[in-house]
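Student: Attaching a single structure in structure tokens format; questions to follow.
The values are calculated or read from the model by the stated rules, or taken from the named source; none is laboratory data. Predicted, not measured: the structure shown is a model, and the values here were computed from it. For neighbour counting, all protein chains shown are included, and Cβ atoms are generated from backbone atoms with ideal geometry for every residue, glycine included. When the accessible area is computed, the model is the full protein with side chains, heavy atoms only, and any ligands, DNA or RNA have been set aside. Shrake-Rupley method; radii C 1.70, N 1.55, O 1.52, S 1.80 Å.
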Number of protein chains: 2
Amino acid sequence: MLKKERHDFIMRQINLHNRVLTSDLVQLLNVSEDTIRRDLQELVDDGLLFKVHGGALSKSYHSSFDDSTVYARDSKIVIAKKTIRLIKDGMVVLIGGGTTILELVKQLPQHLGATFFTISPLVAVELAKYNNIEVILIGGLFSKNSQITYGGHVISQLAEIKVDLCLMGTSAIHPEEGLTDTDWEINQLKKAMVACAKKTAVLCISEKLDITLRLKVCPIENISYLITELEVEHESLAGYRAKELNIL
Amino acid sequence: MLKKERHDFIMRQINLHNRVLTSDLVQLLNVSEDTIRRDLQELVDDGLLFKVHGGALSKSYHSSFDDSTVYARDSKIVIAKKTIRLIKDGMVVLIGGGTTILELVKQLPQHLGATFFTISPLVAVELAKYNNIEVILIGGLFSKNSQITYGGHVISQLAEIKVDLCLMGTSAIHPEEGLTDTDWEINQLKKAMVACAKKTAVLCISEKLDITLRLKVCPIENISYLITELEVEHESLAGYRAKELNIL
DNA sequence: CGTGTTTGTGCGTGTTTGTGCAATAATGTT
DNA sequence: AACATTATTGCACAAACACGCACAAACACG
């Protein structure tokens, strides 16, 4: 591989991720650390990126993409880290939308090799930053509110696939009533998602526990994992521990 | 082997692989390194390729990367404003991806009521900001490079729809050779897009005029509108004026 | 035809560039 | 404070390069 090609590769990574780790580049490009460091230095000299300890940052990365505005972001990161343990190399995963999910995607390990189906364009774009992840976006009507695709076309496509794991955020969960929602279309969609997965994990910040809404998605028995930001032994989760689902 | 033949051979390699190594050429052509170096130098002088340590790179290869820095943004805004005149209330529009298109979407009038099909999640998200626009995202495999959906599934869905107007960016356009591209999948996709539209408008910054790439999308006759940032009377557009397409 | 010129090619030599290694310093982490 | 990770520096070596020269084939012209 020519030096220029490496430089272009690095710049692409930077433009995609806004950041890049020296160690990752060593692996990906299969050259010594020294070479990568020199490459980065040259790109800095050309004013194309920003070098920091451990890697480099995009120049246009004027830090913090209003990350702070994401509600309860810290909790969501905790949830994300727990969830990552469920995702193994080679898996086929169906993943929903929402800020919790988006945070999860940003925390995925760089080298993960898996196939992801998603109904969220934003999640798709974020997933595309990982080299070894194949992304399939399920198309259909696009919802302005929830920023996901929905409607009959989406549901019929979901009916045709079978995945190892489904990851979804939630509006409300209750030990007896299970998963519930308010919007008819979203409700239909979630039903279809649960139906096509061998196991389903629900990502849920604690304030959405023990709430019931009008429309039922599925009983608690259909859920395999409940992931919150709380300690596993936390008393708020007692009602769920009684059920047969894994709490992370 | 004649010098000219060697030059042609080198250019063919470049167009095929976007790159070539000096050492490979020495082997393939069975001449000394010096000769190859001289050949490359001459091709550089003719502006046909790009020389680097160890070999040479295609010229178009270079330009394919710096989209990410919202290159030539001013031109793209000019193009966007011209394009808006083509879009009328009630229309069904198929729209591609790329930075030029994205700029267009950002410039749309707030009250516009129309239906947009798109293969670009980013465009979908941007379109969703308009209240009176219905957005349908066409799903399929998601391309990491071009940030659009592609593949058989996309093409078969395109085959099922019929739209009033197709808006697409372009890699290369030439008065005789028409629309061309380098990537096989993108090429297939563009063909399908043109096929399902009554009229097609090509958005094209002037530096992509008069370029021919390896794969043909369609002849110039299949294009209804060519939109550049230049004045309609500009001399660069003379070759296109001779054809039967509207220049904006 | 002969002589001089141009062009294309290869060779030798010295220089530059790209890369990795090892020792050491700086920085982050626990 | 101890440790692990990441940076920096200087050095070595091979690959790639530029330049001048030599030679031969093709060409030009009287």
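Student: Shielding of A:129-142 by partners, i.e. mean partner chain Cβ atoms within 10 Å per residue?
Tutor: For this peptide, the per-residue mean of nearby foreign Cβ atoms is 5.
Student: Taking each residue in B:46-55, count the Cβ atoms of any other chain within 10 Å of its Cβ, then average. What number comes out?
Tutor: So the per-residue partner count for this stretch is 2.
Student: Placing +1 on the Cβ of each Lys and Arg and -1 on the Cβ of each Asp and Glu in the protein assembly as shown, which of B:Gln157, B:Ser58, A:Gln41 has its Cα farthest towards the positive end of the resulting dipole?
Tutor: Comparing the listed Cα positions along the dipole, B:Gln157 ranks first.
Student: Tell me the distances, shortest first, between B:Glu134 and the same position across the other copies, using label points 7 Å along Cα→Cβ, in nm to one decimal.
Tutor: Counterpart label points of B:Glu134 in the remaining copies fall at 3.3 nm.
Student: Taking only C-alpha pairs under 8 Å that are 6+ residues apart, what is the relative contact order of chain B in percent?
Tutor: 14
Student: For peptide B:119-128, what's the mean number of Cβ atoms from other chains within 10 Å of each residue's Cβ? The partial results should precede the final answer.
Tutor: Working: counts 2, 2, 14, 4, 1, 7, 7, 0, 2, 7.
Per-residue shielding by partner chains comes out at 5.
Student: Please calculate how many Å² of accessible area segment A:3-58 carries per residue, with a 1.4 Å probe and no DNA, RNA or ligand atoms counted.
Tutor: Numbers: 2880 Å² over 56 residues.
On a per-residue basis, segment A:3-58 sits at 51 Å².
Student: Continuing with the same structure: Output needed: percent of Cα pairs per 5 Å distance bin for chain A, bins running from 0 to the one holding the longest distance.
Tutor: The percentages, shortest bin first, are 1, 6, 13, 16, 16, 15, 11, 8, 6, 5, 3, 1, 0.
Student: In debye to the nearest 20, how big a dipole does segment B:3-63 give about its Cα centre with +1 on each Lys and Arg Cβ and -1 on each Asp and Glu Cβ? Please list the in-between numbers first.
Tutor: Details: 9 positive and 9 negative charges, 26 e Å.
Using only the charged Cβ atoms, the result is roughly 120 debye.
Student: What accessible surface, in Å², does a 1.4 Å probe find on B:Trp184, ignoring ligands, DNA and RNA and rounding to the nearest 10?
Tutor: 150
Student: Among A:Asp183, A:Asp46, B:Asp39, what's the order by accessible area (1.4 angstrom probe), most exposed first? Numbers along the way, then the final one.
Tutor: On the way: A:Asp183 70, A:Asp46 105, B:Asp39 0 Å².
Per-residue accessible area, sorted high to low, gives A:Asp46, A:Asp183, B:Asp39.
Student: FRET efficiency for A:Lys199 and A:Lys59, Cβ-Cβ distance as r, R0 = 35 Å, nearest 0.05?
Tutor: Given R0 = 35 Å and the Cβ-Cβ separation, E is 0.25.
Student: For the pair B:Ser32 and B:Arg241, what calculated FRET efficiency results from E = 1/(1 + (r/R0)^6), where r is the Cβ-Cβ distance and R0 = 41 Å, to the nearest 0.05?
Tutor: The pair B:Arg241/B:Ser32 has a calculated efficiency of 0.25.
Student: Taking the Cα-to-Cβ direction at A:Asn131 and at A:Asn145 and moving 7 Å from each Cα, how far apart do the two end points lie in nm?
Tutor: 4.2
Student: According to the square roots a ≥ b ≥ c of the eigenvalues of the Cα gyration tensor, what is the shape class of segment A:3-58, taking rounded for a/c under 1.5, prolate for a/b larger than b/c otherwise, and oblate for the remainder?
Tutor: Details: a/c = 1.26, a/b = 1.20, b/c = 1.05.
Taking the square roots of the gyration eigenvalues as a ≥ b ≥ c, segment A:3-58 is rounded.
Student: So, one more: What's the FRET efficiency of A:Val52 with A:Met91 using the Cβ-Cβ distance as r and R₀ = 25 Å, to the nearest 0.05?
Tutor: Details: r = 32 Å, r/R0 = 1.30.
Here the calculated transfer efficiency is 0.15.
Student: Would you mind checking segment B:121-159 for residues with the amide N under 19 Å from a putative spin-label position 7 Å along Cα→C-beta of B:Arg214?
Tutor: B:144-146, B:151
Student: How large, in percent, is the carbon and sulfur part of the accessible surface of chain A at a probe radius of 1.4 Å?
Tutor: The computed percentage sits at 50.
Student: Does the protein assembly as shown classify as rounded, prolate or oblate by the C-alpha gyration tensor (a ≥ b ≥ c root eigenvalues; a/c under 1.5 gives rounded; else a/b over b/c gives prolate, otherwise oblate)?
Tutor: Verdict is oblate for the protein assembly as shown.
Student: Mind grabbing the accessible area of B:Ile186 for me, 1.4 Å probe, Å², rounded to tens?
Tutor: Here the accessible area works out near 30 Å².
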